[in-house]
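Novice: Below you will find the structure I want to go over with you.
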Amino acid sequence: MVLVCGIHGVGKTQYCEMLSKKIKKNTYSASKLIVGAGKQNFPQKRVENIDLNQNLLIQKVRMMKSIGMDFILDGHLSLLDKNGVINLIDEKVIRVLEIDILIVLVEKPCIIQKNMLNRDGILWDEEFIEQFQQKEVNYARQLGEKLKLDYRIVTLSNKDNVYFGRSLVLPIKPTYVEKIFSGEKKYEFRKKICLKNIDKIYLYATSPIKKIVGEADVLEKSFMNKKNLWKDTQKWAGITEDFYEQYFQKQACAGAYKLGKTTRYENPLEIKALGINFVPQSYVYIDTL
């Protein structure tokens with residue numbers, strides 16, 4: 001799950017809509033999920049009972065995840081209580097939500113002020129907006145480091161800084177690329193798995209093709225005892241158990257990317273088209289915009 005946060009008026013709705021189209025995941029507003037769970041609206045952006053609302057949000061998100069939904073959540077890391085005091089969301093809530101990627105949006109206080117006035121009829125002082133926004137950003141950094149989250153601070157006024165996700169380029173033998181496209185192979189096994197969260201893999205077919213021939217969504221990644229991994233993946237491994245054992249013979253643990261929707265390119269790309277001037281032996285990260 002991707003959590004896109006930022007203070008009121010920063011522009012989360014528009015950003016989430018762009019992100020939804022780019023990574024093909026639905027987006028949901030935390031406030032609307034809470035209202036749907038039984039809580040009323042929030043006058044003047046103040047919340048009567050922050051803890052109650054976060055519990056309602058957790059219940060709703062858990063229910064959605066239990067039926068296999070993977071989505072973008074438009075939410076907050078800090079909220080105003082009933083007295084207008086800035087409160088940070090409890091760290092436990094962030095842990096329980098099991099966020100894969102945290103994106104924090106920031107904007108110039110004058111722009112946020114204008115957005116709030118035009119949209120909600122609320123006039124906030126620019127100094128208050130700066131204070132509110134700084135708390136959100138500082139907390140995001142703290143959570144990112146402490147919880148080992150893949151997080152980004154995105155300044156919306158800087159169009160070159162808009163972040164939509166992270167991908168990998170993986171070199172794969174053409175035989176296995178074809179099995180991925182056919183659906184026979186839904187797991188790509190690796191001795192080393194990337195540490196950062198990724199949304200997509202670019203499929204670089206090795207010799208004799210030597211081009212990026214398509215892409216695959218990444219549903220999850222695993223690294224565990226190799227016998228347990230084989231039990232979990234053998235149905236859609238696309239390789240024999242003997243080959244699997246030979247590949248991981250010197251390792252106690254093995255890794256795999258679980259692949260989702262695939263797209264075959266009509267016109268395969270040179271690897272230079274992604275700004276890479278070498279063929280990766282293992283993998284290379286790509287920030288997709």
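The values are calculated or read from the model by the stated rules, or taken from the named source; none is laboratory data. All figures in this text were calculated on a predicted structure; none of them were measured in a lab. No Cβ is skipped: glycine too gets one built from the backbone with ideal geometry, and neighbour counts run over all protein chains shown. Note: areas computed on protein heavy atoms with side chains; ligands, DNA, RNA excluded. Shrake-Rupley method; radii C 1.70, N 1.55, O 1.52, S 1.80 Å.
Novice: I want to confirm something. Restricting to the range 216-231 and keeping residues that are under 25 Å from Val2 (Cβ atoms) and not hydrophobic (A, V, I, L, M, F, W, C), which single residue is farthest from the chain's Cα centre (by Cα)?
Specialist: Ser222
Novice: Next question. I need the strands (runs of 3 or more DSSP E) fully contained in the range 60-99, keeping only those with at least 1 residues that are small (Gly, Ala, Ser) and closer than 24 Å to Lys196 by Cβ. Outline the logic, then answer.
Specialist: Numbers: elements: 72-75, 78-81, 86-88.
So the answer is 72-75.
Novice: Name the pairs: first residue in the range 192-207 and closer than 13 Å to Pro280 by Cβ, second residue part of a loop (DSSP other than H, G, I, E, B), Cβ to Cβ under 7 Å, at least 6 apart or on different chains?
Specialist: Final answer for the pair search is Lys192/Ser282; Cys194/Tyr283; Thr206/Lys173.
Novice: Right, another one. If you take the residues in the range 107-133 that are touching a strand residue (DSSP E or B) at 6+ places or on another chain (Cβ under 8 Å) and open to solvent by 20 Å² or more (accessible area, probe 1.4 Å), which one is farthest from Val47 (Cα to Cα)?
Specialist: Taking the range 107-133 first, the residues touching a strand residue (DSSP E or B) at 6+ places or on another chain (Cβ under 8 Å) are 107, 131-133.
With open to solvent by 20 Å² or more (accessible area, probe 1.4 Å) added as a condition, the list becomes 107, 131.
On the way: Glu107: 23, Gln131: 18 Å.
Result: Glu107.
Novice: Right, another one. Out of (1) surrounded by 13 or more Cβ atoms within 10 Å (Cβ to Cβ); (2) modelled with pLDDT of 90 or more; (3) closer than 22 Å to Ile153 by Cα, the odd one out for Leu57 is which?
Specialist: So the condition that Leu57 fails would be (3).
Novice: For Tyr283, which of the numbered conditions (1) in contact with a Leu (Cβ under 6 Å, 6 or more places away or on another chain); (2) at pLDDT below 90; (3) closer than 18 Å to Thr175 by Cβ fails to hold?
Specialist: Here Tyr283 clears every test but (3).
Novice: Sort out which residues of the range 193-215 are more than 21 Å from the chain's Cα centre (by Cα) and not small (Gly, Ala, Ser), and write them in order of number.
Specialist: If we filter the range 193-215 for residues that are more than 21 Å from the chain's Cα centre (by Cα), which is where we start, we get 204-213.
Across the range 193-215, the qualifying residues are Tyr204, Thr206, Pro208, Ile209, Lys210, Lys211, Ile212, Val213.
Novice: Hey, could you check the range 192-234 for residues that are open to solvent by 70 Å² or more (accessible area, probe 1.4 Å) and of a type in the set (Asp, Glu) and say which is modelled with the highest pLDDT?
Specialist: Filtering the range 192-234 for residues that are open to solvent by 70 Å² or more (accessible area, probe 1.4 Å) and of a type in the set (Asp, Glu), the one modelled with the highest pLDDT comes out as Asp232.
Novice: Which residue pairs have Cβ atoms closer than 9 Å, lie 6 or more positions apart in sequence or on different chains, and pair a first residue in the range 76-100 that is within 19 Å of Met1 (Cα to Cα) and open to solvent by 80 Å² or more (accessible area, probe 1.4 Å) with a second residue that is assigned to a loop (DSSP other than H, G, I, E, B) and not basic (Lys, Arg)?
Specialist: Hits for this filter: Arg95/Leu147; Glu98/Met1.
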